[in-house]
Amino acid sequence: MSASVTLTDVAQAFPGRERARLALDGITLTIEAGQFVCVVGPSGCGKSTLLDLVAGHTRPARGSVAVADAAVKGPGLDRVMVFQDHALFPWMSVADNVGFGLKNAGISAAEREATVATWLAKVGLTDAGALHPHQLSGGMRQRAALARAFAMRPQVLLMDEPFSALDAPSRDRLHVELQELWADTETTIIFVTHNVREAVALGDRVIVLSSGPGRIIGDVPVSLARPRVVESERVVTLAHKVRGLLDEADQLGITTPREGGDSYVAI
Amino acid sequence: MSRSDTLTTEQRVQVGSRAPWWKASAPILITGAVLLLVWAGVSVFVDTLPGPAATGDELWRMAVDGQLWSIFGRITLFMTVCFAIAAIGGVTLGLLLGSRRWLDRGLSPYLAALQGMPTSMWIPVAAVVLGTSPWSLAAVVSIGAMPAIMLGTRSAVANVPPLLIRAGRTFGAEGGTLLRHVVLPAALPGIMTGLELGWSIAFRCLVAGEIFSGALSGTGIGNVISRSRETGDLTEMMATIMIVLAFTLLVDRLVFAKVQHRLRVSRGLVDSGLPH
């Protein structure tokens, strides 16, 4: 179950700041069904805005966004988001969190229970179903968030820096697990990150954005064998090239913050 | 898939007071005994203040002739009904304020003013307009507690993290479903604070009504007040104060404190020494 995503000449301002500087400008991008696409760029380049547009949380100021050739009109259960901060509901047990979307989709209690059990098992949280999110470690919480998203069997999975708040060992393990889950479900994934190595390790394709406003300055296919890990030499080499693209954009006078400058963020 | 972080049984244990009840309530009882001693000490020097012993005798008399249970029961009935109305109305209207911005802008200043003003000032008005029946005081008590509950609910709704709302939307909750399953539970700790405030305001209103005119609420507190005023003997008054104190203590321990604790535990706001 997966769908293609098409963005045509999309421009969008930052939310809440009308007529201010654009977050995205002239984004034209076609993502095939079942593709795992990573989007990298400096912070403030409109990566999250891109996800919001596909999710239907906002509408583009210009251009069009389509999923499976149908224009996006609002949020829908075919597109599910995984957040940087797990965003699990603290008052619900892990199992109820995973079943939350299924319940809203009108799935019967029995079927829901079975689906929740399946996905908890797939992320290794079978024993944690009755626990509340605060009783889990950071890595386990993000696993629960993954289970909640995958349980919906979304056509498109949108991931907004989901692993950036995790410790390195948890992150490495989740990189492998995510690749396995994706291979199982064949869903389309748009994965936003500021970590170039993570993008190269996970994606079939890495889209490089420049900041202020965000434009596509690189589209790098990655054909290395899976599952990949961030330390692998080939990943590091390719990540170096992608870094080069970002640096080059900086030299072209596109306003990414300069090293040592006020808003510089290491990528 | 990796199972290296499976859970130990200790992690599954919910936090709760596992001590026996007499151990858990020992601090409360000891503090109570100390307060009684202080009271006894003060009453030795102040002639007009009845001591704990005299008050205890009076309480015993009231218990034997049924006045104690009658006051206790009528307070419970009156406050339960009034507070239930105030809570349902206040939370509903507060949720409405939290979700309709223009309504919030128009109403909130007035609500804040009403909350700042002593609601008991309405009692003479209500007594004249609605008559001196228990219903007129019930109306003042219910309506008087509402602004605090409404404002508490509204702030709690405004303070719900936007991330949780976005997560709710992403997973198919919209409109009523979003309100019931995401906004309301996320705002519940704040709503509870508003309810506790509303409860104390409601009680103040009740007693103010009793002072204003004898038996407005039908709880009997007003009768006691007027009798003490006539005779100058405070023994019955002190006994009634003890009854009301016991009532509020029970409500706080058995209702508010319990609910607050459960809310905090389920949301991970109690440090239980678990790995984070």
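No lab work stands behind these numbers, since they all come straight from the coordinates. All values reported here derive from a predicted model rather than from experimental measurement. Cβ atoms come from the backbone with ideal geometry, glycine included; neighbour counts cover every protein chain shown.
If you rank B:270, A:235, A:10 by fewest surrounding Cβ atoms within 10 Å, what's the result?
Fewest-to-most ranking of B:270, A:235, A:10: B:270, A:235, A:10.
To the nearest ten degrees, helix A:109-122 and the longest principal axis of the Cα atoms of chain A are 60 degrees apart. Relative to the longest principal axis of the Cα atoms of chain B, the long axis of helix B:235-251 makes an angle of roughly 10 degrees.
Taking the C-alpha atoms only, the angle from helix B:52-64 to the longest principal axis of chain B is near 90 degrees.
Express the C-alpha Rg of the range B:50-265 as a ratio against the empirical globular expectation 2.2 N^0.38 Å, rounded to two decimals. It would help to have the intermediate numbers written out before the result.
Numbers: Rg = 20.3 Å, N = 216, 2.2 N^0.38 = 17.0 Å.
Its radius of gyration relative to the 2.2 N^0.38 Å reference: 1.20.
The loop-placed GluC sites (Glu not before Pro) in the range A:123-208, going by DSSP, that have at most 13 neighbouring Cβ atoms within 10 Å of their Cβ come out as A:186. The distance linking the range A:197-212 with the range A:129-185 is 19 Å (Cα centroid to Cα centroid, whole angstrom).
Taking the Cα centre of the protein assembly as shown as origin and assigning +1 to Lys and Arg Cβ atoms and -1 to Asp and Glu Cβ atoms, the resulting dipole is close to 560 debye.
Loop-only trypsin sites (Lys or Arg not before Pro) in the range B:99-193, please: DSSP not H, G, I, E or B, and at most 15 other Cβ atoms within 10 Å. Please report the intermediate quantities before stating the final value.
Details: sites: B:100, B:101, B:105, B:154, B:166, B:169, B:180; in loops: B:100.
Qualifying residues, ordered by number: B:100.
About its Cα centre, chain A has a charge dipole of approximately 360 debye under the convention of +1 per Lys or Arg Cβ and -1 per Asp or Glu Cβ, with nothing else charged. Computed over neighbours whose Cβ is under 12 Å from that of residue B:211, the net charge equals +1, Lys and Arg +1, Asp and Glu -1. Annotation note: GluC sites (Glu not before Pro) in the range B:153-213 located in DSSP loop regions with a Cβ neighbour count of at most 12 within 10 Å are B:174. What residue among A:162, A:92, A:240 has its Cα farthest toward the positive end of the dipole of chain A, where the charges are +1 on Lys, Arg and -1 on Asp, Glu, each on the Cβ? Of A:162, A:92, A:240, it is A:92. With helices as the sole contributors, chain B gives -24000 deg cm²/dmol at 222 nm; each DSSP H run of n ≥ 4 counts as -39500 (n - 2.57), and the sum is divided by every residue.
Across all C-alpha atoms in chain A, the radius of gyration and Dmax reach 18.4, 58 Å.
Projecting the Cα atoms of B:177, B:134, B:146 onto the charge dipole of the range B:50-265, computed from C-beta unit charges around the Cα centre, puts B:177 farthest toward the positive end. Other residues lying with their Cβ under 14 Å from the Cβ of residue B:260 contribute a combined charge of +3, Lys and Arg counting +1, Asp and Glu -1.
Determine the alpha carbon to alpha carbon distance for each of B:23/B:258; A:73/A:103; A:47/A:241; A:47/A:122 and list only those over 27 Å. Kindly include the intermediate steps, with their values, before the conclusion.
Working: B:23/B:258 17 Å; A:73/A:103 22 Å; A:47/A:241 20 Å; A:47/A:122 29 Å.
Long pairs (Cα-Cα over 27 Å): A:47/A:122.
At 1.002 mPa s and 20 °C, plugging the Kirkwood radius over alpha-carbon pairs of the range A:89-153 into Stokes-Einstein gives what diffusion coefficient in µm²/s?
On the way: Rh = 11.3 Å.
In µm²/s, the coefficient rounds to 190.
Neighbouring Cβ atoms from other chains, within 10 Å of the Cβ of residues in A:98-109, number 3 on average. Taking the Cα centre of the range B:50-265 as reference, the dipole from Cβ charges on Lys and Arg (+1) and Asp and Glu (-1) amounts to some 1100 debye. For the range A:75-81, backbone phi angles converted through the Karplus equation (6.51, -1.76, 1.60; θ = phi - 60°) give residue-by-residue couplings of x, x, 6, 7, 10, 10, 10 Hz, Gly and Pro being listed as x.
Charges on Cβ only, +1 for Lys and Arg, -1 for Asp and Glu, centred on the Cα centroid of the range B:169-257; of B:221, B:251, B:191, which one is farthest towards the dipole's positive end? Of the listed residues, the answer is B:191.
Taking the inverse of the average 1/r across all pairs of different Cα atoms in the protein assembly as shown, what Kirkwood radius in Å do you get? Present the calculation step by step, with values, prior to reporting the outcome.
Details: mean 1/r = 0.0361 Å⁻¹.
Hydrodynamic radius (Kirkwood, Cα pairs) of the protein assembly as shown is 27.7 Å.
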